[in-house]
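Every number in this text was worked out from the coordinates using simple rules, so none of it is lab data. As the structure is a computational prediction, the values presented were derived from the model and not from experiment. Virtual Cβ from ideal backbone geometry, glycine too; neighbours counted across all protein chains shown.
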Amino acid sequence: MIFGLFGKKNNNRIIVDRQYAALTSAARVPFYYTDMDVPDTVMGRFEMLSVVMILFFRRTAKSETSGQELAQEIIDAFFTDIDHSIRELGIGDQGVPKRMKKLAGMFYGRLEAYAAALDASDVALLATALRRNIHPDAADAPTMEPLARWMLQAELELKTVPEETIARGQLVILSPGH
């Protein structure tokens, strides 16, 4: 019966909003910025939100229909949120599509790079990809291995989340140390 909630787009706005809020909260945990070498900047926050979204999408890719439909609405909310953020930063209407295209390309590039490392359970490969994306211009950037280890652990934990939890928009990505 719960899987019937996804009959029409926007009928599940409450579920989508609840899940998106949980994902964005997970990306804003201060520990990433204070202890895991993610810069507390606009781009650092984009990077962490991308990491959390990628973990969510990898879990829902193996879900039943309702989880996949929720994932599509979450990706729509993610890009709508990015669009609003770009506009709030003062980018004019003319520049928004170009920036959105660039950020979408960055996100999907990260999805591909992180997926390869996560599929292989390769901490070093994942840390290298994270370092390249989170600290692109820093020759002396941190290793990003703690974040990579956390991502691998989070993915394992997400595999145990029941389908009903996903369909209700109640998936929680635990922060490091929990």
Original post:
With Cβ to Cβ distances under 12 Å as the rule, what net charge do the other residues near Thr24 carry (K, R +1; D, E -1)?
Top reply: +1
**OP:** Enumerate the residues in the range 42-80 having an amide nitrogen under 18 Å from the point lying 7 Å beyond the Cα of Gln170 toward its Cβ.
**Re:** 60, 64, 66-68, 70-71
Original post:
To the nearest 20 debye, what is the magnitude of the charge dipole of the range 19-178 about its Cα centre, counting +1 on the Cβ of each Lys and Arg and -1 on the Cβ of each Asp and Glu?
Top reply: 240
**OP:** May I ask for the net charge around Lys159, where only other residues with Cβ less than 11 Å from the Cβ of Lys159 are counted and Lys, Arg are +1 while Asp, Glu are -1?
**Re:** +1
Subject >> Alpha-carbon Rg/Rh ratio, for the range 18-93, with Rh computed the Kirkwood way >> reply: 1.02
Original post:
Using θ = phi - 60° and the Karplus curve 6.51 cos²θ - 1.76 cosθ + 1.60, what whole-Hz ³J(HN,Hα) does each residue of the range 23-32 get, with Gly and Pro shown as x?
Top reply: 5, 5, 4, 4, 6, 9, 4, x, 3, 4
**OP:** Would you mind classifying the chain by shape? Square roots of the alpha carbon gyration tensor eigenvalues, ordered a ≥ b ≥ c; an a/c under 1.5 is rounded, otherwise it is prolate if a/b is larger than b/c and oblate if not.
**Re:** oblate
**OP:** Please name whichever of Pro136, Thr41, Ser66 sits farthest to the positive end of the charge dipole of the chain, dipole taken about the Cα centre and charges placed at Cβ: Lys and Arg +1, Asp and Glu -1.
**Re:** Ser66
Original post:
Quick one: which of 106-114, 163-171 comes out on top by average Cβ neighbours within 10 Å, and what's the full order, highest first?
Top reply: 163-171, 106-114
